[in-house]
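Peer 1: Handing you a structure now.
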Protein chains: 2
Amino acid sequence: MEIKVVRKVLDVNAKMAEQNRKLFAEKKVFVLNVMSSPGSGKTTTLQKSLTRLMPDLKCAVIVGDICTTNDADRLAVSGAPVVQINTDEFGGDCHLAAHVIEKAALDLDLDNIDLLIVENVGNLVCPAEFDIGEDARTVVLSVTEGEDKPVKYPLMFRECDSAILNKIDLLPYLDFDMDLVRKYIREVHPGMPIFEISAKTGEGFDPWLDWLKSLVLKKIR
Amino acid sequence: MEIKVVRKVLDVNAKMAEQNRKLFAEKKVFVLNVMSSPGSGKTTTLQKSLTRLMPDLKCAVIVGDICTTNDADRLAVSGAPVVQINTDEFGGDCHLAAHVIEKAALDLDLDNIDLLIVENVGNLVCPAEFDIGEDARTVVLSVTEGEDKPVKYPLMFRECDSAILNKIDLLPYLDFDMDLVRKYIREVHPGMPIFEISAKTGEGFDPWLDWLKSLVLKKIR
């Protein structure tokens, strides 16, 4: 019974996501959905990424949070247009759904955007279930969270096209085994590109941004 | 429409939670629901807590994960009976619901338990919405997650009876403002007890365990 209801919600979402996908194709906007646990460093990662992408690509951001505009305020500093969604207006939703993205996109000049980054609600479970019409998905995992998250939250790592391991500047102070987390990621998603970065120091951003840029250019050219 | 469906699920859950609460009252079992983001250190905190509580209190644990029995294996070392719930058997649920606790409790000898600790699925959003029939709730926040989590995820901090700030051994390597997180916690939940610990080093456990023990003894005596 409960499962049927969930299925219906997901079916409706899939239809809306297809509509979004058509619109973004028509407008030649590449959409990246960025997901993670709370506090993995998504916003700092995106802040630094925007600064480096903006000379070459016209970027915009949709930020999802249950409450506050903290992240939108931080991202707006980059100069990119930012739309904040607070899901507490829809009962505190734990994820961004396709219809929410559709509405947020109305506030953006899509003819003037190459790359639209969606920073999802901090949650390693539910957002993975909701197609929003994106072109690619990236999961950010902080090395402070432990190596076993890919096997404990396999849907997220299976559904994403790349993984960012963030906060590597803290590695000297943690018992974190980089080989083990890579092994776990590859167990649930063989061949997935993995990028090791420190959003704080800026270390390791080149391979990650190269990966993203090549995908964006393929679509918008 | 969607909201109505969710309401129905929560109404059913509230009824089941009341049944659990009656059973736990009858059996004089104190139930603590422990919630947090993925990777906040719930399991290590509970491992250390069990070791220190076990001489005085008969403890048991119900562990919720989407996949794997990693946490149950770690907690079983304490000697406490542990029941693992893998929510991927129910479609990958992002939280523990009351009916799941009811079933898990069947595997425990409640006549021989003073304190039943429920380690919820790693998720700072959804578990806060589901009453499981517990006596108290504790949220664990790792200081690596940033100070603003209480205001970004206010329901969790409002619904919990105490907050643990974990991984304080990493403070020298982070830009984390302890006064600011305390201010944010008190904004959403005035007067909430806050415990600062390092589950890794064992620092700071005394006030947390004293708080928990006094609540348990009040119920079971």
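Since every read-out is calculated from the coordinates, none of them should be taken as a lab result. Remember, predicted model here, so these are calculated numbers, not experimental data. Here the Cβ is made from the backbone with ideal geometry for all residues, glycine too, and neighbour counts use every protein chain on show.
Peer 1: Taking every pair of alpha-carbon atoms in the stretch A:2-216, what share in percent sits in each 5 Å bin, from 0 to the bin with the longest distance?
Peer 2: Final binned percentages: 1, 7, 15, 20, 21, 17, 11, 5, 2, 0.
Peer 1: Next question, about the same structure. Can you work out ³J(HN,Hα) from phi for every residue in the stretch A:142-150, in order, using Karplus 6.51 cos²θ - 1.76 cosθ + 1.60 and θ = phi - 60°, giving whole Hz and x for Gly and Pro?
Peer 2: After applying 6.51 cos²θ - 1.76 cosθ + 1.60, I find 7, 5, 6, 7, x, 6, 8, 4, x Hz.
Peer 1: How much FRET efficiency would the formula 1/(1 + (r/R0)^6) give for B:ARG74 and B:LYS22, where r is the Cβ-Cβ distance and R0 is 35 Å, rounded to 0.05?
Peer 2: Numbers: r = 31 Å, r/R0 = 0.90.
My answer for the efficiency is 0.65.
Peer 1: Additional query: Give the cross-link partners of B:LYS48 among the aspartates and glutamates, using a straight C-alpha distance below 19 Å as the criterion and excluding same-chain residues fewer than 8 apart.
Peer 2: A:GLU145, A:ASP175, B:ASP56, B:ASP71, B:ASP73, B:ASP114, B:GLU119, B:ASP169, B:GLU196, B:GLU203, B:ASP206, B:ASP210
Peer 1: Roughly speaking, what is the centre-to-centre gap between the stretch B:145-203 and the stretch A:86-122 when only Cα atoms are used, to the nearest Å?
Peer 2: Using only Cα atoms, the two centres lie 29 Å from each other.
Peer 1: Treating only the Cβ atoms of Lys and Arg (+1) and Asp and Glu (-1) as charged, compute the dipole magnitude of the protein assembly as shown about its Cα centre; round to the nearest 20 debye.
Peer 2: Details: 54 positive and 70 negative charges, 87 e Å.
Computed about the Cα centre, the dipole is about 420 debye.
Peer 1: On to the next question. Using only atoms on other chains, find how many Cβ atoms lie within 10 Å of each Cβ of peptide B:35-44 and report the average. Numbers along the way, then the final one.
Peer 2: Numbers: counts 0, 2, 10, 18, 16, 6, 3, 0, 2, 1.
Rounded to a whole number, the mean comes out at 6.
Peer 1: Strictly over 23 Å apart at the Cα level, which of A:LYS28/A:LYS213; A:LYS27/A:LYS213; A:LYS152/B:LYS8; A:LYS213/B:LYS149 would you flag in this model? Write down the numbers at each step before the final one.
Peer 2: Details: A:LYS28/A:LYS213 14 Å; A:LYS27/A:LYS213 17 Å; A:LYS152/B:LYS8 29 Å; A:LYS213/B:LYS149 31 Å.
As for pairs spanning more than 23 Å Cα to Cα, those are A:LYS152/B:LYS8; A:LYS213/B:LYS149.
Peer 1: In debye, nearest 20: dipole of chain B around its Cα centre with unit charges on the Cβ of K, R (+) and D, E (-)?
Peer 2: Charge dipole, chain B, about its Cα centre: 540 debye, nearest 20.
Peer 1: Right, here's the next one. For each of B:VAL61, A:VAL188, count neighbouring Cβ atoms within 10 Å of the residue's Cβ, then give the residues from fewest to most. Display every interim value, and only then the final one.
Peer 2: Numbers: B:VAL61 28, A:VAL188 17.
Fewest-to-most Cβ neighbours within 10 Å comes out as A:VAL188, B:VAL61.
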